[in-house]
Every structure is written in structure tokens, then in C-alpha cells.
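Read the structure below first, then the notes.
The values are calculated or read from the model by the stated rules, or taken from the named source; none is laboratory data. Nothing here was measured: the structure is a model prediction, and the numbers come from that model.
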Amino acid sequence: MNKRGIRMLYKKILIPTDNSEVSIEAARHGLEIARLMNSKVYVIYVVDIMPFVGLPTEGFWETMREVLEEEGREAFKKIEKMAKEIGVDITTEILEGSPAREIVEYAERKGIDLIVMGTSGKSGIDRLLLGSVAEKVSRKAQCPVLLVKMRKKK
């Protein structure tokens, strides 16, 4: 129990981000849960290498990696600002690989109790062809996964 008498269900929370609006909204939810439960928070960004597998241009990949890593650092800045405002410490890390696999494996390595992530709500042919990282994570993760959808603007 914490000082408010709340049972500590989520000691370690993982927030994967892709710097999209919905992933930043998910981070807001995850940070608030962490504040209430005094949880340790890990924020990760996965450089998705899958679109570049098999490309012969090594220089192109290095340039793309730099661009994607910068996007991750931008996401971290936004989330760090939110975390600081509510008094939550976070640990950030950039990973490389297939996003769903990296998220699930990271959660297992760190003993994560809850994954909080955004979902774009893909449907139809997009979901069939591209799949959903959030859907894959929710199926394969060994811990609970909270999926946050973007609220429709009025």
C-alpha cells in the first residue's frame, strides 16, 4: 500500500511512444497512473527497422536511423515535460527492431507490471495489411496492457 492506502498493483509502468498524438495522450494516462501509484516509469521509442530490411543502401539506412532517433528524442522531451509537471521520474531508452517484439521483450526484461500505449484504431484493409503494434503487444505481453484511443475533438 502507498501513503494513500492504494494497493501497489503497478510498480513498473512501460510507455512505448512513436511521437504520435495518440501515443503522447497515452503517456499522459500512464504518467497519471504512475503518480497515483508511485510507480517507476520506463518510456521507450523503437526505431522500426522492418521497412528497411533488404535495402542495399547502407548510407540511406544511417540517415533514416538518425531521423527516427531524433523523432524518439522529441517524444521523450514532451513526455519528460509532462512527467516533471506532475512529479514523476522517468527512464528513457531508444531501441531498434520490430516494435511489437521489442516492446514485449523489454517489458519481460524489466519486469513491467503495466504497459500503457496508444492505438490508432486502424480498421479494415490497413489493419489487415499493416497489423497493429498495439494489438500485437496486447496479445503477446505477459502483463496488462492499457490501450488509449485518441478522443475525438468536438
Conditions first: (1) more than 11 Å from the chain's Cα centre (by Cα); (2) under 18 Å from Met150 (Cα atoms); (3) at pLDDT 95 or above. Asp126 passes all but one, so which condition is the exception? (3)
With the condition kept exactly as written, say whether any residue in region 36-47 is more than 13 Å from the chain's Cα centre (by Cα), of a type in the set (Lys, Arg) and modelled with pLDDT under 95. no
